[in-house]
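Novice: Let me give you the structure first, and then I'll get to my questions.
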Amino acid sequence: MGTSLKPDLFQGFSKLSREQRFARLFEMGAVTREDIQFLNEGGIKDFSLAENFIENVIGYFQLPLGVATNFVIDGVEMVIPMAVEETSIIAAASKTAKWIREHGEITTKSLGHLIIGQIQIAKVQNFEKFASLVEYHQQSLINEANRQVSKNMVERGGGVKEIQIRRIPRGDGEDMAILHVLADPCDAMGANIMNQVCEFLKTPIEEITGEKVTMCILSNLVDTKLTQAQVRLRGLDPELCVRIQEASLFAQQDPYRAATNNKGVLNGIDPILIATGNDWRAVEAGIHAYAARSGQYRSITKWQYINEELVGTFIAPLVVGTVGGVTKLHPTAQICLNMLNVENASQLSRVMAAVGLVQNLGALRALTTVGIIEGHMKLHIKNLTLGAGASEDEQAYVQGKLEEILKLKKRISLHNAVEVLNELRSRNVFSK
Ligand code: MEV
């Protein structure tokens, strides 16, 4: 996993030109000359790929692609590709990763490897009989699904492993029976194969039990396959650590804060999901459902100051793939996966968990010290300047003025940018 890069190759990275960044990434072994050429030429142009993916194609939607630097995950230096439009996410991730490498470490692990498919019997006639018949035929159902549908997964060491039976009240005095089909998808995200397995099992289950299957689909609440990341930091200002712990408690206990906290975590995860061609809606749904598993929506991260160590933990389902679908077919996703140099889907999900946790720490550090405006809006000034319509000649002046206003008023808006620009133009400084 990761590249064999030297940390000093990250030195001053954000100040480099795009060409210089490519040169550094090339030196790190994170990109090839072909990758650089492809990205420099604006990426994917061929519409046949889009036509293969979706219907009624009219074009491609482009997002900025950047790299977060300074990450050492499980002792390995990594360059993190992120496709995202929000200012300051990559800067905050890189800055926080640098802080972590100076004061501690990031470790990750996978907890479980099975994904879940659901089969609903909406009106079960006799739950006990249904359950005992499924139980009795469980192994033959699994064997048949593995032989007929998930053969490839079995060959890679995965496949269907177990069928669980659940009884759920309908709310009208009767029950539904729900089967959970558990399978190991190896390096695939597994959605397609799981849906095929469940649909295949529909007929034999109906024949064996005499009950009627209503629907089959995978579940995104994959609590059987969780990803954990942990950050441990030492030698920090104890007051700061206590503030971060308090901020974390806020997000654990209050769903209003938990939503924003988790959004900040996803700021680190979604851009990697997109850059690697993974299904970010599935991961989002799974993470939010997991965050609400106690009946109250809570933070998916937790920060504690224990024995002079600040310890942060992320645990949530993060089911991704490194083979299949867009991941393999989209050339930019391939470049990003190669950049990460992960060997399998589990490693990819662990990287995402780590970046999500680091992003969360960056936000909490800012929120409990200088506030979000300073870090966020300073970088936002550039966008406001462009948004106001400043030409290349005008940009430096407008940005400088906006920085002064921010310092003075602690607030900045597009209105300020437009005012500064109008004032500049009224003096005809750059007009010919
Ligand atoms: C903004 O995109 C993300 C934050 O709101 C996250 C947080 O509040 O923890 C800064």
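Novice: Read through the list (1) polar (S, T, N, Q); (2) more than 16 Å from the ligand (Cβ to nearest atom); (3) touching a residue at least 24 places away in the same chain (Cβ under 8 Å), then give the number of the only condition that GLN62 fails.
Specialist: Tallying (1) polar (S, T, N, Q); (2) more than 16 Å from the ligand (Cβ to nearest atom); (3) touching a residue at least 24 places away in the same chain (Cβ under 8 Å), GLN62 fails exactly one: (3).
Novice: Then there's this: Suppose the filter is among the polar types (S, T, N, Q), under 30 Å from LYS161 (Cβ atoms) and modelled with pLDDT of 95 or more; does GLN245 pass it? Quick ask: steps written out before the conclusion?
Specialist: Numbers: among the polar types (S, T, N, Q): yes; under 30 Å from LYS161 (Cβ atoms): no; modelled with pLDDT of 95 or more: yes.
Answer is no for this residue.
Novice: Test ALA229 against the stated conditions and say whether it is under 29 Å from GLY371 (Cβ atoms), surrounded by 18 or more Cβ atoms within 10 Å (Cβ to Cβ) and within 12 Å of the ligand (Cβ to nearest atom). Explain how you work it out, then say what you get.
Specialist: Working: under 29 Å from GLY371 (Cβ atoms): yes; surrounded by 18 or more Cβ atoms within 10 Å (Cβ to Cβ): yes; within 12 Å of the ligand (Cβ to nearest atom): no.
In short, no.
Novice: Condition first: touching a residue at least 24 places away in the same chain (Cβ under 8 Å), touching a Ser or Thr at 6+ places or on another chain (Cβ under 6 Å) and under 20 Å from SER219 (Cβ atoms). Can you find one or more residues in region 136-159 that meet it?
Specialist: Taking every residue of region 136-159 in turn, at least one turns out to be touching a residue at least 24 places away in the same chain (Cβ under 8 Å), touching a Ser or Thr at 6+ places or on another chain (Cβ under 6 Å) and under 20 Å from SER219 (Cβ atoms).
Novice: With the condition kept exactly as written, say whether any residue in region 121-133 is modelled with pLDDT of 95 or more and within 16 Å of the ligand (Cβ to nearest atom).
Specialist: Scanning region 121-133, I find no residue that is modelled with pLDDT of 95 or more and within 16 Å of the ligand (Cβ to nearest atom), so the answer is no.
Novice: Quick one: in region 339-391, of everything that is of a type in the set (D, E, K, R) and at pLDDT 95 or above, which residue is nearest to the ligand (Cβ to nearest atom)?
Specialist: Initial filter on region 339-391 (of a type in the set (D, E, K, R)): 343, 350, 365, 374, 378, 382.
Among the residues that remain, those that are also at pLDDT 95 or above are: 350, 365.
Numbers: ARG350: 22, ARG365: 10 Å.
That would be ARG365.
Novice: Return yes or no: is ARG234 open to solvent by 60 Å² or more (accessible area, probe 1.4 Å), in contact (Cβ under 8 Å) with a residue 40 or more places away in the chain and more than 16 Å from the ligand (Cβ to nearest atom)? Let's see the steps before the verdict.
Specialist: Details: open to solvent by 60 Å² or more (accessible area, probe 1.4 Å): yes; in contact (Cβ under 8 Å) with a residue 40 or more places away in the chain: yes; more than 16 Å from the ligand (Cβ to nearest atom): yes.
Yes.
Novice: Return only the number of the condition from (1) modelled with pLDDT of 95 or more; (2) within 20 Å of SER94 (Cβ to Cβ); (3) within 16 Å of the ligand (Cβ to nearest atom) that CYS336 does not satisfy.
Specialist: (3)
Novice: Name the residue that is nearest to TYR290 (Cα to Cα), counting only residues in region 113-153 that are open to solvent by 100 Å² or more (accessible area, probe 1.4 Å) and outside any helix (DSSP H, G or I).
Specialist: The initial filter retains those residues of region 113-153 that are open to solvent by 100 Å² or more (accessible area, probe 1.4 Å), namely 123, 125, 128-129, 135-136, 139, 147-148, 151-152.
Of the ones still in play, those that are also outside any helix (DSSP H, G or I) are 123, 125.
Values: LYS123: 27, GLN125: 31 Å.
It comes out as LYS123.
Novice: Residue by residue through region 245-276, note down the ones that are β-branched (Val, Ile, Thr), within 16 Å of the ligand (Cβ to nearest atom) and crowded, with 23+ Cβ neighbours inside 10 Å. Full working, then the answer.
Specialist: Our first condition is that a residue be β-branched (Val, Ile, Thr); within region 245-276, this holds for 260, 265, 269, 272, 274, 276.
From the residues that got through so far, the ones that are within 16 Å of the ligand (Cβ to nearest atom) too are 260, 265, 269, 272, 274.
Scanning region 245-276 gives VAL265, ILE269, ILE272.
Novice: If you take the residues of region 38-84 that are of a type in the set (Ser, Thr, Tyr) and open to solvent by 30 Å² or more (accessible area, probe 1.4 Å), which of them is farthest from the chain's Cα centre (by Cα)?
Specialist: As a first pass, look at region 38-84 and keep what is of a type in the set (Ser, Thr, Tyr): 48, 60, 69.
Filter again for open to solvent by 30 Å² or more (accessible area, probe 1.4 Å), leaving 48, 60.
Values: SER48: 27, TYR60: 21 Å.
This residue is SER48.
The values are calculated or read from the model by the stated rules, or taken from the named source; none is laboratory data. Predicted model, so just to flag it, every value in this text is computed and none were measured. Note that we place each Cβ from the backbone using ideal geometry, even for glycine, and neighbour counts take in every protein chain shown. SASA here: full protein model, heavy atoms, side chains in, ligands and nucleic acids out. Shrake-Rupley method; radii C 1.70, N 1.55, O 1.52, S 1.80 Å.
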